[in-house]
Amino acid sequence: MAQNLKLPITLSIAAALLSGLASVDAGAQSNLAYTNYLPPSHATNRYALQPMFAALEQETKGSLKITLHPGGALVAGKGTLSAVRDGLADGGFIVSLYAQNEIPLNTALSDLAFLARDPLSVMGAINETVLLRCPDCLAEYKKYKIMYFGAYSTTPYKLMCRKPVPSLADVKSLKLRAPGNVYGRWAIRMGGVPVNIENAEAYEALQRGQIDCVLGALSWLETLSLWDTAKYVVDVPQGAYFGGAFLNLNSDSWTRLSAADKGTFLKLMPTYLAKLAVGYVTDDADVLGRSKAKGVTLSTPDKAFVDLLAAHKADEIKEATAMAKRRGAKNPEAAIQAFLDALKKWEGIVDEIGADEKKFEAALRREIYDKTKF
C-alpha cells in the first residue's frame with residue numbers, strides 16, 4: 001500500500017519542480033561567453049566588443065549579458081572556430097587565417113588583402129558579400145553551427161622594423177611577422193623570411209630578436225607596444241587584414257535568446273561596426289602624431305620597393321583563386337567577383353561620406369543589415 005502511494009507523490013513533486021524550473025527559465029538571464037584572442041587594449045575590444053556588450057546589457061535591462069574574454073584567456077585564436085562550434089564559447093573572433101580549410105571561400109576573400117584601400121569600404125564590401133552576395137560563403141559558417149553577423153577590416157598594413165629599411169635590398173633575409181599565405185608570399189617576394197605568429201606574440205618576438213619586422217596596422221605601435229622596439233616604419237600601404245567572423249554566435253546560443261534580445265543585438269551591430277572602422281582610422285592618425293616622441297621614424301620606400309608592390313597587387317586575384325581551389329573551395333571565382341563588385345560600390349560610398357561614423361553606420365544599415373534576415 002505504501003508503495004502504491006509513493007509513485008503519485010514522487011510524480012507530483014517532480015511535476016512541481018519542473019513547473020518551477022520552467023518559470024525560472026522564462027525569466028532567466030542569457031549569460032553568454034565571448035572570446036577574442038586579441039588583448040583588451042586592441043581596437044576590436046575598445047571600440048566594438050566591450051562597449052557593445054555593455055550597451056546590450058543596459059538596453060535589455062540585464063536580460064542579455066555577454067561576457068568578453070580578451071587576450072586568449074578563454075580560447076586561443078586558432079581554436080576559436082571549434083570552440084564556438086562545440087559550445088565551449090558562445091561566440092568569438094574567428095580569423096579566416098586560422099581556419100583556411102574549414103572556410104575556404106571566406107579565406108579567399110581575406111586573401112585579397114592587398115586590394116584594401118581603407119577599413120570602411122572593405123568592411124562594407126566584405127559584409128555585403130558574405131551576407132547578401134555569396135550564399136556559399138555564409139553556408140561555410142552554418143556548417144559549423146555559427147551565425148555570422150559581421151567582419152571588420154584593419155587600416156592598411158605597413159612594415160615596422162627594429163632597424164632602418166631604406167631600400168628593398170635591405171629587406172633581404174629579414175625575419176618578418178607575416179601571417180598566412182598572403183603576407184608570406186609578400187615577405188618572400190621582398191626577399192624576407194616569413195614568420196607566422198599571432199600578433200599578440202609580436203612584442204616579445206621583436207624584443208628577443210626572433211623577428212626583425214612586423215607587417216601590421218600603425219595603431220599596433222601603441223596597442224601592442226611595438227614602438228618600444230620597432231622604431232622604423234616603411235611608410236607605404238601593404239594590404240590589410242579583413243575577413244573571418246568577427247561578430248558571431250553559436251547557432252544554438254542564438255536560438256535560445258528571446259526575440260527582444262535578438263532584436264537589440266541586431267540593432268546595435270552596425271553601430272559598433274561603424275565605431276570600430278572609424279576608430280581604427282582615428283587610432284592610426286593619433287599614433288602617427290605621437291610616434292615621433294617615441295623615437296619612431298617613417299621612411300618612404302625606394303622605387304624598387306614601390307614597383308615590386310604594384311606588381312604583387314596585380315597578381316593577387318589570380319593567386320587567391322588558385323589558393324581557394326587548392327583548399328577545396330568550389331567556384332571561388334564567383335565569390336571573388338562578388339567581393340570585387342561590392343568593393344567598387346563601397347569605395348564609391350566612402351568617397352561620398354568620408355570617415356563619418358554616423359553616415360557609415362547608416363550606410364551599413366541601408367545597404368546590408370536592413371536587407372538581411374537572421
Q. Which one is surrounded by the most Cβ atoms within 10 Å (Cβ to Cβ), of the residues in the range 111-145 that are of a type in the set (Asp, Glu) and under 22 Å from PHE360 (Cα atoms)?
A. GLU128
Q | Residue check, ARG177 out of contact with any His (no Cβ under 7 Å at 6 or more places or on another chain) and outside the structural domain of ALA277 (by TED's automatic domain parsing) | A | yes
Q) Only one residue in LEU268, LEU226, LEU257 is buried (at least 23 other Cβ atoms within 10 Å of the Cβ), of a type in the set (A, V, I, L, M, F, W, C) and in contact (Cβ under 8 Å) with a residue 12 or more places away in the chain. Which one? A) LEU226
Q.
Looking only at the range 291-340, filter to residues that are in a helix (DSSP H, G or I) and hydroxyl-bearing (Ser, Thr, Tyr); which one of those is nearest to LEU168 (Cα to Cα)?
A. SER291
Q: Residue by residue through the range 263-275, note down the ones that are touching a strand residue (DSSP E or B) at 6+ places or on another chain (Cβ under 9 Å) and of a type outside the set (Val, Ile, Thr).
A: PHE265, LEU266, MET269, PRO270, TYR272, LEU273
Q) Within the range 117-150, which residues are under 21 Å from MET52 (Cα atoms) and either out of contact with any Phe, Trp or Tyr (no Cβ under 9 Å at 6 or more places or on another chain) or not assigned by TED's automatic domain parsing to the domain that holds ASP284 (or both)? A) ILE146
Q: Hey, could you check the range 40-80 for residues that are among the hydroxyl-bearing types (Ser, Thr, Tyr) and assigned to a loop (DSSP other than H, G, I, E, B) and say which is farthest from ASN248 (Cα to Cα)?
A: SER41
Q: Among residues belonging to the range 239-259 that are modelled with pLDDT under 95 and assigned to a loop (DSSP other than H, G, I, E, B), point out the one that is farthest from the chain's Cα centre (by Cα).
A: GLY239
Q. Of the residues that make up the range 271-289, is at least one at pLDDT below 95, closer than 23 Å to THR44 by Cα and over 24 Å from the mean Cα position of the chain (by Cα)?
A. yes
**Q.** Residues of the range 208-225 satisfying the condition of being in contact with a Lys or Arg (Cβ under 9 Å, 6 or more places away or on another chain), of a type in the set (Gly, Ala, Ser) and farther than 13 Å from TYR241 by Cα
**A.** GLY209
Q: Mind listing whichever residues of the range 72-121 are small (Gly, Ala, Ser) and in contact with a Gly (Cβ under 7 Å, 6 or more places away or on another chain)?
A: ALA83, SER96, SER110, ALA113, ALA116
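The values are calculated or read from the model by the stated rules, or taken from the named source; none is laboratory data. Note that the structure is a prediction, hence the values are computed from the model and not measured. For neighbour counting, all protein chains shown are included, and Cβ atoms are generated from backbone atoms with ideal geometry for every residue, glycine included.
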